[in-house]
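Colleague: Quick one: the structure is below, questions incoming.
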Amino acid sequence: MRVAADAAQLIQGGSVAVLGRTRGVLAPVIRALRVRGLSPACQDIDALAALPAVRDYVATARALWHPADRLSWTQLLRAPFVGLSWADLLVLSRAQRERPWPERLRERADDAALSEEGRARVARLLAALKACARDAALRTHLADRTEALWQALGGPGCIDRDELDDLRATQRLLRQHSRGGAIADLEALQRGLDQLYASPRAGQIQVMTVHKAKGLEFDHVLLVGTHKGPRNEDKPLWHLRALRGAELLVPQPPQTLAEDDPAHRLYDWVHEQHVAERRAETLRLLYVAVTRAKCSLRLYACADTDDAGLPKFAAHSFARLLEPVIAPQWSAFTQTADSEAAADRDASVPRAPRLPLNYRFEPDLSGLYRPVETRTLKPSEAVLDAQDNKLEWRAEDIAPGDIYAQLVGTLYHETLEKIAKDGLAAWSDRGASRRDSLAAGLRRMGLPAPQVAAAVSRVLELVARTLDSERGRWILDAKPWARNEYHLAAYLDDRWVSAVIDRCFEDADGTLWIIDYKAAARPVEASLLDAYVAQAGQRYASQMAVYVRLLGGLMPGRTIRAALYFAETAQLLEAGAA
């Protein structure tokens with residue numbers, strides 16, 4: 001392409017910009033510049049959805065969302081971070097084209113017809129998928145699962161720093177349009193992608209629309225696509241004209257009226273005014289474009305000729321306005337379109353990029369400062385389990401395994417948070433009407449189906465005890481100031497400390513209260529109740545003291561009291577104060 005060749009010469013003599021009236025006329029120029037090894041710096045030109053890295057990431061999300069989405073799975077398998085060849089895809093598809101890709105991969109992972117590298121890549125993908133499936137938190141969050149799989153397969157190694165910004169924008173958009181383990185509205189997600197553009201890159205040549213170039217100057221300007229005008233516009237059903245202090249609406253008259261009818265004459269006159277305004281707007285844009293150049297300006301046009309050898313340009317195009325200057329010299333211009341197209345054509349067969357099979361993503365964090373952080377347990381991460389006539393402490397990050405106990409505690413905390421937000425009146429039935437939604441929540445969190453009914457009954461039992469107790473209703477009732485699941489962090493004793501407080505509020509006397517809920521996943525025997533409360537008080541005394549310090553740092557000078565609330569006994573045990 002002549003434009004790319006000229007730009008390559010001009011960058012030696014100063015700043016260069018390629019301008020176009022629309023993004024469409026700039027797209028082939030960008031491709032030609034990249035073929036010549038030049039780096040264009042594009043301003044809102046490359047649609048985010050058209051970038052290969054973004055397409056592969058969205059395909060990964062869609063594949064995880066729906067195992068029968070064969071197109072997205074095929075795109076995932078061909079992505080650089082998976083890297084299956086077409087030959088291996090054909091082997092996997094032989095007599096299996098109607099089956100979902102996950103089934104094909106599992107059943108034919110060891111097929112002798114696959115290449116050795118293909119078998120290794122399939123095994124690597126299946127291992128990453130299995131790891132994501134084992135994580136209960138990822139199963140219920142599509143955006144997190146997509147990011148985890150992309151990183152596990154080495155996706156970050158397929159992009160540069162600029163593309164990372166585009167991927168982050170895509171990840172944010174996917175989170176906005178995801179609900180649990182699914183995409184809430186696929187069309188809305190696609191519309192969101194279509195409205196976003198790749199972040200500007202540093203480059204040798206600026207590429208932008210004329211609108212974006214307003215107020216900028218460059219040593220050399222190449223104005224492309226001057227022969228193309230805006231989209232053709234049929235006569236509208238009506239014209240709306242702004243007049244002094246009023247507006248004039250002129251409808252298109254019916255064809256049954258004579259051409260010299262006043263209605264036709266008025267409409268035609270208003271339409272001529274509209275055409276003149278479009279011509280004036282084109283002239284204004286042309287003025288903006290040509291005045292961006294400080295040293296040189298080059299205009300590029302392409303057009304058929306009439307019988308007299310004169311060019312025929314589109315109406316309302318830049319070239320049409322310059323026709324008195326261009327037409328007399330048109331025959332002297334060198335016709336190089338065919339030869340340049342042949343020269344720019346890459347004769348080699350394109351090959352999709354692939355990560356090396358042994359690639360592992362290991363970010364370099366050696367230069368980062370990482371302060372030591374003491375992380376206090378979230379309330380739902382510790383559940384006191386009374387079983388087999390003894391008390392055992394179970395925590396997710398210490399002794400995993402009892403998912404029933406963990407999720408009962410989690411759902412109880414979430415339910416109390418919702419009660420505090422909705423108000424006590426909204427829960428007058430003590431949650432009985434919400435049994436189905438609570439069961440759905442437990443299933444989403446990964447609780448095995450046979451345990452769901454028992455878990456829901458246990459949570460509703462604890463909620464009922466809380467709402468039936470005077471202390472429980474006092475904690476959840478409306479307060480002058482209150483927060484639920486309150487995140488706090490501070491630098492204490494030479495280290496960072498973070499915490500999540502179940503509920504904190506200000507009472508009628510102005511005292512600040514910190515409440516930490518304690519829920520027994522299974523009923524506690526009467527003989528163990530005292531030990532149950534005492535053991536919890538001892539175990540959590542230091543944690544409650546940290547909570548008091550954190551809130552005290554945020555609200556100095558206030559009286560702060562902290563207490564544990566035991567759902568099993570509806571008892572409030574003070575554990576610290578300041």
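Colleague: Which residue out of ALA127, ALA87 is more than 32 Å from the chain's Cα centre (by Cα) and not hydroxyl-bearing (Ser, Thr, Tyr)? If you could, list the steps in order and put the result at the bottom.
Modeller: Values: ALA127 fails: more than 32 Å from the chain's Cα centre (by Cα).
The match here is ALA87.
Colleague: Working only within the range 149-161, note down all residues that are open to solvent by 30 Å² or more (accessible area, probe 1.4 Å) and assigned to a helix (DSSP H, G or I).
Modeller: GLN151, ALA152, GLY157, CYS158, ARG161 - these are the residues of the range 149-161 that are open to solvent by 30 Å² or more (accessible area, probe 1.4 Å) and assigned to a helix (DSSP H, G or I).
Okay, residues lined up against (1) within 30 Å of ALA32 (Cβ to Cβ); (2) among the aliphatic types (A, V, I, L, M):
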| site | (1), (2) |
| --- | --- |
| LYS212 | yes, no |
| LEU216 | yes, yes |
| GLY225 | yes, no |
| PRO236 | no, no |
| LEU240 | no, yes |
| GLN255 | no, no |
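Colleague: Which residue pairs have Cβ atoms under 8 Å apart, sit 6 or more places apart or on different chains, and have a first residue in the range 467-489 that is within 14 Å of GLU417 (Cβ to Cβ) and a second that is small (Gly, Ala, Ser) and assigned to a strand (DSSP E or B)?
Modeller: Hits for this filter: HIS487/SER498; HIS487/ALA499.
Colleague: To continue, here is another question. Only helices (runs of 4 or more DSSP H) wholly contained in the range 54-132 count here; list those with 1 or more residues that are under 30 Å from GLY446 (Cβ atoms) and aromatic (Phe, Trp, Tyr).
Modeller: Values: elements: 70-78, 86-93, 101-107.
Those helices (runs of 4 or more DSSP H) span 70-78, 101-107.
Colleague: Only one of ASP260, ASP219 is open to solvent by 80 Å² or more (accessible area, probe 1.4 Å) and either at pLDDT 85 or above or farther than 30 Å from ALA27 by Cβ (or both). Can you tell me which? Break it down into steps so the answer makes sense when it comes.
Modeller: Values: ASP219 fails: open to solvent by 80 Å² or more (accessible area, probe 1.4 Å).
Of the residues listed, the single one that is open to solvent by 80 Å² or more (accessible area, probe 1.4 Å) and either at pLDDT 85 or above or farther than 30 Å from ALA27 by Cβ (or both) is ASP260.
Matching residues to (1) of a type in the set (Gly, Ala, Ser); (2) free of Cβ contacts under 8 Å to residues at least 60 places away in the same chain; (3) under 30 Å from TYR287 (Cβ atoms):
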{"residue": "ARG21", "(1), (2), (3)": "no, no, yes"}
{"residue": "ILE30", "(1), (2), (3)": "no, no, yes"}
{"residue": "ALA47", "(1), (2), (3)": "yes, no, yes"}
{"residue": "TYR57", "(1), (2), (3)": "no, no, no"}
{"residue": "HIS66", "(1), (2), (3)": "no, yes, no"}
{"residue": "THR74", "(1), (2), (3)": "no, yes, no"}
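Colleague: Let me ask something else about it. If I go through the range 1-24 residue by residue, how many of them are in a helix (DSSP H, G or I), open to solvent by less than 30 Å² (accessible area, probe 1.4 Å) and either touching a Leu at 6+ places or on another chain (Cβ under 7 Å) or under 18 Å from ALA198 (Cβ atoms) (or both)?
Modeller: Summing the residues that are in a helix (DSSP H, G or I), open to solvent by less than 30 Å² (accessible area, probe 1.4 Å) and either touching a Leu at 6+ places or on another chain (Cβ under 7 Å) or under 18 Å from ALA198 (Cβ atoms) (or both) in the range 1-24 gives 4.
Colleague: Could you list, in sequence order, all residues of the range 455-482 that are farther than 14 Å from ALA521 by Cα and under 38 Å from the mean Cα position of the chain (by Cα)?
Modeller: Residues satisfying the conditions are ILE475, LEU476, ASP477, ALA478, LYS479, PRO480, TRP481, ALA482.
Colleague: Do any strands (runs of 3 or more DSSP E) entirely within the range 481-578 hold 1 or more residues that are in contact with a Ser or Thr (Cβ under 8 Å, 6 or more places away or on another chain), among the β-branched types (Val, Ile, Thr) and open to solvent by less than 20 Å² (accessible area, probe 1.4 Å), and if so, which? Explain how you work it out, then say what you get.
Modeller: Values: elements: 481-492, 495-506, 512-518, 560-566, 571-577.
Answer list for the range 481-578: 495-506, 560-566.
Colleague: Would you check if there is a residue in the range 74-83 being over 30 Å from SER317 (Cα atoms), touching a strand residue (DSSP E or B) at 6+ places or on another chain (Cβ under 9 Å) and of a type in the set (A, V, I, L, M, F, W, C)?
Modeller: Of all residues in the range 74-83, those over 30 Å from SER317 (Cα atoms) come to 74-83.
Next, from what is left, pick out any that are touching a strand residue (DSSP E or B) at 6+ places or on another chain (Cβ under 9 Å): none.
There is no residue in the range 74-83 that is over 30 Å from SER317 (Cα atoms), touching a strand residue (DSSP E or B) at 6+ places or on another chain (Cβ under 9 Å) and of a type in the set (A, V, I, L, M, F, W, C).
Colleague: Any idea how many residues of the range 177-194 are assigned to a loop (DSSP other than H, G, I, E, B) and either touching a strand residue (DSSP E or B) at 6+ places or on another chain (Cβ under 7 Å) or at pLDDT 85 or above (or both)? Break it down into steps so the answer makes sense when it comes.
Modeller: From the range 177-194, those assigned to a loop (DSSP other than H, G, I, E, B) are 177, 180-181, 184-185; that's our starting set.
The next check asks that each one be either touching a strand residue (DSSP E or B) at 6+ places or on another chain (Cβ under 7 Å) or at pLDDT 85 or above (or both); those that pass are 177, 184-185.
Going through the range 177-194 one residue at a time, the tally reaches 3.
Colleague: Further, regarding this structure: Which residue pairs have Cβ atoms closer than 8 Å, lie 6 or more positions apart in sequence or on different chains, and pair a first residue in the range 531-548 that is closer than 12 Å to LYS518 by Cβ with a second residue that is among the hydroxyl-bearing types (Ser, Thr, Tyr)?
Modeller: Here the result reads TYR532/THR569; VAL533/THR569; GLN543/THR376, each pair linking the range 531-548 to a residue that is among the hydroxyl-bearing types (Ser, Thr, Tyr).
Colleague: Out of ALA137, ALA127, ALA95, report the one residue that is exposed (fewer than 13 other Cβ atoms within 10 Å of the Cβ), at pLDDT 90 or above and not basic (Lys, Arg).
Modeller: ALA127 is the lone residue from the list that is exposed (fewer than 13 other Cβ atoms within 10 Å of the Cβ), at pLDDT 90 or above and not basic (Lys, Arg).
Colleague: Take the residues in the range 276-333 that are over 15 Å from LEU223 (Cβ atoms) and aromatic (Phe, Trp, Tyr); name whichever of them is surrounded by the fewest Cβ atoms within 10 Å (Cβ to Cβ).
Modeller: That would be PHE333.
Colleague: Okay, moving on. Kindly indicate which of TRP101, TRP86 is touching a Phe, Trp or Tyr at 6+ places or on another chain (Cβ under 8 Å) and either in contact (Cβ under 8 Å) with a residue 24 or more places away in the chain or farther than 30 Å from THR22 by Cβ (or both). So that I can check it myself, show each step before the final result.
Modeller: Numbers: TRP86 fails: touching a Phe, Trp or Tyr at 6+ places or on another chain (Cβ under 8 Å).
Only one candidate passes the filter, namely TRP101.
Colleague: Write out, first by first residue and then by second, each pair whose Cβ atoms fall under 8 Å of each other, whose residues are 6+ apart or on separate chains, and whose first residue, in the range 404-425, is under 22 Å from ASP477 (Cβ atoms) while the second is open to solvent by less than 20 Å² (accessible area, probe 1.4 Å) and among the hydroxyl-bearing types (Ser, Thr, Tyr).
Modeller: Within 8 Å, the pairs are TYR412/TYR517; HIS413/TYR517; LEU416/THR466; LEU416/TYR517.
Colleague: Could you give every pair whose Cβ atoms fall below 6 Å, whose first residue belongs to the range 433-461 and is surrounded by fewer than 20 Cβ atoms within 10 Å (Cβ to Cβ), and whose second residue is of a type in the set (Phe, Trp, Tyr), counting only separations of at least 6 or pairs across chains?
Modeller: Pairs found: GLN451/TYR404.
The values are calculated or read from the model by the stated rules, or taken from the named source; none is laboratory data. Bear in mind that the values here come from a model prediction, so they are computed numbers and not experimental data. Don't worry about glycine lacking a Cβ; one is built from the backbone with ideal geometry, like all the others, and counts go over all protein chains shown. The area values use the complete protein model at the heavy-atom level, side chains included, leaving out ligands, DNA and RNA. Shrake-Rupley method; radii C 1.70, N 1.55, O 1.52, S 1.80 Å.
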